[in-house]
Structures are given as structure tokens and as C-alpha cells.
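Here the structure comes first, spelled out in C-alpha cells, and everything after it is commentary.
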């Protein structure tokens, strides 16, 4: 409010208070926003050196944050500052970058503003036709989106570009701006445009029109600014009440900023989780597609005679190459997730990234083993389960506090079954490591995989931790981990049981022939 009213010293004081609070709480967004606001206050006063210094600091902090409309405002303000200081190449560089990044519908207004500012740079350089072409484009777009503020801005820009070189054109656009301002009851802007129209009429020697325009401006000023004494008293009273509530306003502003940051963090966590879930479904589809290709190849080979032995060797080589490439691609995804996590400070977002890495690693491990093994159709589960559990314990830095007890029968499962079992195991063990042993409590996670008969298996994951909360129903839970366990068990065609007695126990009974084929769109 102080900035809008022109009370710059007061506004800058508030911004420095916000900066100090943000630095104390290590709030990167708050630090960036405070520097940007201080720069804006100096820019409004034409203090370009101070404005540039604080804006450069804001830009450095903004590079650590997700892209937002403030990022675009920073580019726009750089363009304005460098335009005013005569550094036109720098101004055009920032404005063109901002224009290219603001194509989305929600940024249309700011995009038009930057186009107008770029046009004013060209006008200052003497390229008026280039400036007019940009401004006419901005005028059409502002009318298409029915944004009268951008339309006023563009009309005024066109009038300034034509200026004294073509006063008739300048008056034409200023009259449009004055009529639009009158329609929208933007009387201050209307008076500004009328004032400039008057001066242009005077340069043409058209004193009659100049006088009529000036009379309209005076009449508007009388009706808009000079109210009766009672209104003046009410305005003073409102200002007094506003000054008394300043402390409360500052407190609410701080709470709103904090809530906004929490919303942005929760949005980031949600986006990371959804993206990971979509990635997981895509990779499962890829694995199943590869599995079907292998089945069709085996059937075709079985129908051929002994002269196709060379084709069999080539097929096995190709399958090994496929496993190798899929493994490499999954490792690249893991590296990308790790790189994304480096720039995150929020604990929930980092946790979502790490869990996504673990899921991808569980699948990559399958393809690594198939590539290194002579078996192309099945995975040795004992070695596979041991490596997954060791990896997860190390990932959560629980090596000294949590022990793993494995009792895994020497079972070889088909690729798609192994992937599903591996992902279920990943989610269950991750859940135990996250919640079963709070405050570095020591404990044990037991994994059993047994063969009940020729084609029926039993998988059990159990911990001796604190168990589930009394009001927690695993069959109705909407968390990603529990949703994945239920969905993957259903896809495996298994019978899932989750109990909480002396810790958490996940039991799954499944058979070889009941694997449900994943569809192109899967919902749990």
C-alpha cells in the first residue's frame, strides 16, 4: 500500500523487515521476493543503479526456485532499467527472453507488457516502424483477451511512438485511450491522456480543440478531486484507522506469505508423486510389451524346424541387448531424479524423489540380472530380493539400526512376475523403514518367499516395529505406497492380507498362471 501511494521510504522499510525475516528462516522465495520489491521501489523513483543492484540479487535467488510470474517480472524490470540507462542490447535480450517464456495463457497480460516495452526500446533506437508493428500486434491481442489495462498501455505506447513526428496519429490513439478510460471509469488515466492531447493540438496550432480538451480535463478534475468537506473528513478518518491497523496488516501479510509457500511446497510434492506414478505405469507397460514380444518370438521359433538355430542365437543376443538398454535407460532416469533432488530443500519433496528412485532401481536390477545371466526368461528371486533389501536399508541410512532376515526359496520367476514382486517388496520395506522404527529404534524386517506347491507361492514381509495406527485401514488408504501394493497385488492375481500385530505384516499368495495383463490405462 505504501508503495502504491508513493511513500517509498516507508515501503522500502517494510521490504527490509521482510528480507530480515526471510533470511532468519532461510526462506529462499522470501529473500528473492524482498530484493525484487526493493528494486521495484527504487525503479519507481528512477534510481536505476540501486534498482539494478537489488534486481540482480533477486535474479540469482530466483534461479534456485521453480519458474513463476515473478521470473517474468524480473526479466521485464531488467528491460525497463537497461532501456532507461541506454543499454539497449541488454534491454532487448531480457525482454525477448521474457516474451519467449510467457506464451502460456496465464501470462498473456505480462507478455503484452513486455512486447510494449520492447517496442519502446526500438523507438528509442530510432526504429519506429519496428516499434509500431510490435505495438499494433499487442493492441490486437489485448482486445482479443478483453484486457483494457493492457489496451490502454498499448494505445499510449503507440501515441508516444508517433509523437511529434505524426501528431495526428498520436491524437488518434490518445483519443481512443481517453474514451476507453472514461468507459472503465479510470479517470486519472483519462486526465493524463487529455493533457497530452491538449499539448499535441497546441503544436498543430489547433487552439479551439486544445481549449475544448482542456475544459474536459478541468471538469473531470473538479468532479474527481475536489470533494466536499465531509468527504475530506471521511478520507482523513479512514487514513487514521488504516494507520492504527498497520501491525495487524503486517501480521496477516506474513501469514499469507507463509501459507502461499506451504501451498507451493505441497503442489511440488504432489507433482513429483504423480509424475513418478505415471513413470512407473509406463515402465510396467514397456516390460510387459517386451515380455509379449519374447513370447511371440518363442512361439514362432517353436514352429520352425532345426534350420532356425541361427535365428534363436540372434534372438537371444537381441534380448540381452534389450535388457541392457532398458537397464541403462532406467539408470538414466534414476540419475535425473537424483539431479532434481539436489535442488530441493523441502523434506517431503526429497522423500518423494528418493522413493521414486528406489522403484526405478528395483526394475533396473531385474534387467541387469537378465543381461548378465544366461537365463533370459526368468529371474533368480533369492539373489534379487537380497540386493533390493540391502539397497533400501542403505538408502535410508538404517544399516546400524535395522537388520534383515531373509528366508527365500530358490525360486525363478518370470520377468513380469519378478517386477511385480520386486515393486511390492520395495513399497512394503520402504514403509517399514520410514515408519516402523521411529527415533532410530532398532528392529528387524523379515522377508519370506516360499513355494506352497508346484505353482503356488507365498510372499511375506514383516517387521517388529510400532505397527499401524489404530484408526488406519490399509484397504482404504489413499497413500501412493498402499495404493501401489494393492494394485500390483491385483495385477499379480494374488490374495493380499495386511495385518498389524506386534508390527506390520504383509502376506501375498499368488500363482504362476494368474498374472493379470496390464492395460494401456490402469487405475487402482
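The values are calculated or read from the model by the stated rules, or taken from the named source; none is laboratory data. All values reported here derive from a predicted model rather than from experimental measurement. All Cβ positions, glycine included, derive from the backbone under ideal geometry; neighbour counts span all protein chains shown.
General remarks:
- For region 474-517, the set of residues classified as in a loop (DSSP other than H, G, I, E, B), in contact with a helix residue (DSSP H, G or I) (Cβ under 8 Å, 6 or more places away or on another chain) and either at pLDDT 75 or above or buried (at least 19 other Cβ atoms within 10 Å of the Cβ) (or both) consists of 474, 475, 477, 492, 493, 494, 503, 515, listed by residue number.
- Any hit, region 113-128, residues being surrounded by fewer than 18 Cβ atoms within 10 Å (Cβ to Cβ), out of contact with any helix residue (DSSP H, G or I) (no Cβ under 9 Å at 6 or more places or on another chain) and either under 29 Å from residue 69 (Cα atoms) or touching a residue at least 40 places away in the same chain (Cβ under 8 Å) (or both): no
- All conditions but one from (1) buried (at least 19 other Cβ atoms within 10 Å of the Cβ); (2) at pLDDT below 90; (3) over 18 Å from residue 385 (Cβ atoms) apply to residue 465; the one that does not is (2).
- In region 175-193, the residues that are free of Cβ contacts under 8 Å to residues at least 24 places away in the same chain reach residues that are surrounded by 15 or more Cβ atoms within 10 Å (Cβ to Cβ) and in a helix (DSSP H, G or I) with C-beta atoms within less than 6 angstrom, at least six apart or across chains, in these pairs: 176/155; 178/190; 178/193; 178/194; 182/190.
- Only one entry of 450, 454 meets the criterion of being closer than 20 Å to residue 494 by Cβ and outside any loop (DSSP other than H, G, I, E, B), and that entry is 450.
- Hits in region 385-395 (condition: surrounded by fewer than 18 Cβ atoms within 10 Å (Cβ to Cβ) and in contact with a strand residue (DSSP E or B) (Cβ under 9 Å, 6 or more places away or on another chain)): 386, 390
- Test: residue in region 23-30 that is in a helix (DSSP H, G or I), at pLDDT 90 or above and surrounded by 21 or more Cβ atoms within 10 Å (Cβ to Cβ): no
- Filtered residues of region 205-226 (kept if in contact with a helix residue (DSSP H, G or I) (Cβ under 8 Å, 6 or more places away or on another chain) and either modelled with pLDDT of 85 or more or in a loop (DSSP other than H, G, I, E, B) (or both)): 209, 213
- When residues in region 364-386 are screened for being touching a helix residue (DSSP H, G or I) at 6+ places or on another chain (Cβ under 8 Å), at pLDDT 75 or above and either farther than 30 Å from residue 460 by Cβ or in a helix (DSSP H, G or I) (or both), 4 of them pass.
- Positions within region 129-162 being surrounded by fewer than 16 Cβ atoms within 10 Å (Cβ to Cβ) and more than 27 Å from residue 105 (Cα to Cα), in sequence order: 129
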